[in-house]
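Read the structure below first, then the notes.
The values are calculated or read from the model by the stated rules, or taken from the named source; none is laboratory data. Not measured: the values here are computed from a predicted model. Glycine also receives a Cβ, built like all others from the backbone with ideal geometry; neighbour counts cover every protein chain displayed.
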Amino acid sequence: MLRAVIFDCDGVIVNSEPHHLTAFREVLAQEGIALSTEDYYSKYLAMDDKGCFEAVLRANNRPVDNKILKSLIIRKMDVYRRLSQQELILYNGVVDLVNKLKDRYRLAIASGAFRGEVKFALDKGGMRGAFPVLVTAQDVRNGKPHPEAFQTALAQINQTEPIPSPPIRPEECLVIEDSLHGIEGAHAAGMKCLAVTNSYPKEKLTHAERVVESLEGIRPEDLEKLF
């Protein structure tokens, strides 16, 4: 039985991955490090900023410490904010799907983005009120593919009024993701996953329970069939 739907934000709600890539590349270039589009999508997409910078620095044999990471993250946030304020595009069908789901299931966000970035995206679509639970980069120690974001989202859902009775179990949750790390994290949390091909081709996402090209036209009944 489906009782909760947990959305990723970047690559599912908003087409923001190109902005994240541009921001990462701009900041890393200042450090003399080149980040290719291929490497970003194959290795780093869906990581939070800290995890991505740590991995890239290690891959380039650079020192990693909290001072360096904090500087990189702050600079990257500034670039991303500038780009998203200039243009941030919602994916087709997202607002309609959220409006169909919000009165039937508990909804949450589990994202590796920062809270301000997620709120900005939801506000753009007038959707913030549909998501009483927001789990972002500031709320977890471990980014995707670790399941912590999804586990934390479910724990908060079960603590949010009206309190679900009985508590919602992982196997009653559907995660909507666009990334390989996201699918892996959802499954590690014991949840099913609907993948949308906004960031990867269908053949890369086949370990999800269902893969769709768009959320446009998706109905609650379509999600129920996965359960």
Within the range 91-125, residues crowded, with 20+ Cβ neighbours inside 10 Å and among the acidic types (D, E) come out as E117
Could you please give the count of residues in the range 165-198 that are touching a Leu at 6+ places or on another chain (Cβ under 6 Å) and of a type in the set (S, T, Y)?
1
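The rows are residues; the columns are (1) of a type in the set (A, V, I, L, M, F, W, C); (2) closer than 21 Å to T136 by Cβ.
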position: I163; (1), (2): yes, no
position: D178; (1), (2): no, yes
position: E184; (1), (2): no, yes
position: G190; (1), (2): no, no
position: A208; (1), (2): yes, no
position: V211; (1), (2): yes, no
position: R219; (1), (2): no, no
position: K225; (1), (2): no, no
Take the range 60-86 and flag every residue that is touching a helix residue (DSSP H, G or I) at 6+ places or on another chain (Cβ under 8 Å), part of a helix (DSSP H, G or I) and of a type in the set (A, V, I, L, M).
I68, L69, L72, I73, M77, V79, L83
Note on the range 87-97: residues touching a residue at least 40 places away in the same chain (Cβ under 8 Å) and assigned to a helix (DSSP H, G or I) are V94, D96, L97
So, G112, is that one in the same structural domain as G217 (by TED's automatic domain parsing), in a loop (DSSP other than H, G, I, E, B) and in contact with a Gly (Cβ under 9 Å, 6 or more places away or on another chain) or not?
yes
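State which residue is farthest from the chain's Cα centre (by Cα) when the search covers only the range 35-59 and only residues that are part of a helix (DSSP H, G or I) and among the polar types (S, T, N, Q).
Of the residues in the range 35-59, the ones part of a helix (DSSP H, G or I) are 37-44, 49-59.
Still in the running and among the polar types (S, T, N, Q): 37, 42.
On the way: T37: 19, S42: 16 Å.
Among them, the one singled out is T37.
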Within the range 173-183, can one find any residue that is touching a helix residue (DSSP H, G or I) at 6+ places or on another chain (Cβ under 7 Å) and in a loop (DSSP other than H, G, I, E, B)?
no
Just give me the residues in the range 24-54 being over 30 Å from L154 (Cβ atoms) and among the hydrophobic types (A, V, I, L, M, F, W, C), in sequence order.
V27, L28, A29, I33, A34, L35
Of all residues in the range 136-167 being β-branched (V, I, T) and touching a Lys or Arg at 6+ places or on another chain (Cβ under 9 Å), the one that is nearest to F114 (Cα to Cα):
T136
Considering the range 29-50 alone, what residues qualify as being hydrophobic (A, V, I, L, M, F, W, C), in contact with a Leu (Cβ under 9 Å, 6 or more places away or on another chain) and surrounded by 12 or more Cβ atoms within 10 Å (Cβ to Cβ)?
I33, L35, L45, A46
Between a first residue in the range 131-142 that is in the same structural domain as D49 (by TED's automatic domain parsing) and a second residue that is modelled with pLDDT under 95 and assigned to a loop (DSSP other than H, G, I, E, B), which pairs have beta carbons less than 6 Å apart while being 6 or more apart in sequence or on different chains?
none
Select from the range 3-28 the residues that are without any contact (Cβ under 8 Å) to a residue 40 or more places away in the chain and touching a Phe, Trp or Tyr at 6+ places or on another chain (Cβ under 7 Å) and list them in ascending order.
L21
For the range 29-49, what are the residues that are touching a residue at least 24 places away in the same chain (Cβ under 8 Å), in contact with a Lys or Arg (Cβ under 9 Å, 6 or more places away or on another chain) and either hydroxyl-bearing (S, T, Y) or under 15 Å from A137 (Cβ atoms) (or both)?
A46, M47, D48, D49
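Can you confirm whether the range 76-85 contains a residue that is in contact (Cβ under 8 Å) with a residue 60 or more places away in the chain and either surrounded by fewer than 22 Cβ atoms within 10 Å (Cβ to Cβ) or over 30 Å from T160 (Cβ atoms) (or both)? Break it down into steps so the answer makes sense when it comes.
First, the residues of the range 76-85 that are in contact (Cβ under 8 Å) with a residue 60 or more places away in the chain: 80, 83-84.
Checking which are either surrounded by fewer than 22 Cβ atoms within 10 Å (Cβ to Cβ) or over 30 Å from T160 (Cβ atoms) (or both) leaves us with 83-84.
So far as the range 76-85 goes, yes, one or more of its residues are in contact (Cβ under 8 Å) with a residue 60 or more places away in the chain and either surrounded by fewer than 22 Cβ atoms within 10 Å (Cβ to Cβ) or over 30 Å from T160 (Cβ atoms) (or both).
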